[in-house]
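This report refers to the structure that appears directly beneath it.
Every number here is computed from the coordinates shown, using simple stated rules; none is lab data. Since this is a predicted model, take the numbers as computed values, not measurements. Here the Cβ positions follow ideal geometry from the backbone for every residue, glycine too, while neighbour counts run over all protein chains shown.
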C-alpha cells in the first residue's frame, strides 16, 4: 500500500496562525495549541518539522485569499526550512497569479475552486507547472460548490471532479468549509462518489474527529488528510499518528 499522508494545516491571517471554523473567517481567532504556545506560523511549522517530524505542511494564506495581500515575507522564511514540503493555497485567481507564484520553491501550488476565475486558469497552470506541482482544492460548503465564479458555483462537485480528471489533474483536495474546525467525523457520501470517479490522489480536508477517522480514510482509499483542530487540541496524539503510518 502507498504511504498515507497526514498533513498539518496552518491558516494564516494577519500574518498569524488562526483557528479556522466553518469558513467564517471574520470570526477566526489566534490559534491556541496544546503542542506549542504560539501563533507565529514560522515557529509552529519549525516545531512540527523538527520536533514532530512532519515533513509536509499545508498553508492557506487567508491574507492572499481574502485581501489579495500574500504573506511573502512569512512564506519566504518558511521556505528556508530544510527538507520541508510546502503546499500553498494563495488564492489563485488568474494567470498573473500563476506567474507570481511560479518563482517560489513550493512543493505544491493549490488552485482553489473558491478563487479561480475559470477553468482556463487550471489549463494554463498545467502549461506552467508540472502535474506533480499542482493540486486543485474542490472547495465546498455543505456539499455545494463554494466559488466566486457564478458558473462554477452552480456546478455539481462530482461533475467538476470529472472535468479535472479529464484535464489531467492528478491530485485533489476535498474541502467542505462547513466541516472545518468542527470535528464532525465520518466521510460524506459525496466524497465516496468523487473517489469512485477521480483516478488520482484525493486528500480530505475538514471534519476529522479522531484517530478512527484517519483509519477510515485510509481503508476507503483516500490518499491522506489535512488536519488541524484534532491535532492542535490534542485529540489525536503524535504517537497515534506515527503508529498508523507505520502500518502502511
Which ones in the range 120-137 are in contact with a helix residue (DSSP H, G or I) (Cβ under 7 Å, 6 or more places away or on another chain) and farther than 14 Å from residue 170 by Cβ? 121, 123, 124, 128
Count of residues meeting criterion [assigned to a loop (DSSP other than H, G, I, E, B) and either farther than 20 Å from residue 55 by Cα or free of Cβ contacts under 8 Å to residues at least 12 places away in the same chain (or both)] in the range 209-232: 4
Residue 211 passes all but one of (1) more than 18 Å from the chain's Cα centre (by Cα); (2) farther than 24 Å from residue 10 by Cβ; which number fails? (2)
On the basis of being more than 28 Å from residue 50 (Cβ to Cβ), without any contact (Cβ under 8 Å) to a residue 40 or more places away in the chain and over 14 Å from the mean Cα position of the chain (by Cα), does residue 120 make the cut? yes
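Quick one: which residue in 27, 49, 34, 43 is in contact (Cβ under 8 Å) with a residue 24 or more places away in the chain, within 18 Å of residue 228 (Cβ to Cβ) and out of contact with any helix residue (DSSP H, G or I) (no Cβ under 7 Å at 6 or more places or on another chain)? Steps first, answer last, please.
On the way: 27 fails: in contact (Cβ under 8 Å) with a residue 24 or more places away in the chain; 34 fails: out of contact with any helix residue (DSSP H, G or I) (no Cβ under 7 Å at 6 or more places or on another chain); 43 fails: in contact (Cβ under 8 Å) with a residue 24 or more places away in the chain.
It is 49.
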Here are some conditions: (1) in contact (Cβ under 8 Å) with a residue 12 or more places away in the chain; (2) farther than 20 Å from residue 92 by Cα; (3) in contact with a strand residue (DSSP E or B) (Cβ under 6 Å, 6 or more places away or on another chain). Residue 59 meets all but one. Which one does it not meet? (2)
Of the conditions (1) surrounded by 15 or more Cβ atoms within 10 Å (Cβ to Cβ); (2) in contact with a helix residue (DSSP H, G or I) (Cβ under 8 Å, 6 or more places away or on another chain), residue 101 fails just one. Which one is it? (2)
Determine, yes or no, whether residue 225 is within 16 Å of residue 7 (Cα to Cα) and either touching a helix residue (DSSP H, G or I) at 6+ places or on another chain (Cβ under 6 Å) or surrounded by fewer than 20 Cβ atoms within 10 Å (Cβ to Cβ) (or both). yes
Within the range 234-245, can one find any residue that is within 24 Å of residue 114 (Cβ to Cβ), without any contact (Cβ under 8 Å) to a residue 60 or more places away in the chain and touching a helix residue (DSSP H, G or I) at 6+ places or on another chain (Cβ under 9 Å)? no
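Quick check, is residue 152 free of Cβ contacts under 8 Å to residues at least 60 places away in the same chain, in contact with a strand residue (DSSP E or B) (Cβ under 7 Å, 6 or more places away or on another chain), surrounded by fewer than 19 Cβ atoms within 10 Å (Cβ to Cβ) and assigned to a helix (DSSP H, G or I)? Lay out the reasoning, then the answer.
On the way: free of Cβ contacts under 8 Å to residues at least 60 places away in the same chain: yes; in contact with a strand residue (DSSP E or B) (Cβ under 7 Å, 6 or more places away or on another chain): yes; surrounded by fewer than 19 Cβ atoms within 10 Å (Cβ to Cβ): yes; assigned to a helix (DSSP H, G or I): yes.
Criteria met by residue 152.
What residue, among those in the range 181-193 that are part of a helix (DSSP H, G or I) and more than 17 Å from the chain's Cα centre (by Cα), is surrounded by the fewest Cβ atoms within 10 Å (Cβ to Cβ)?
That would be 189.
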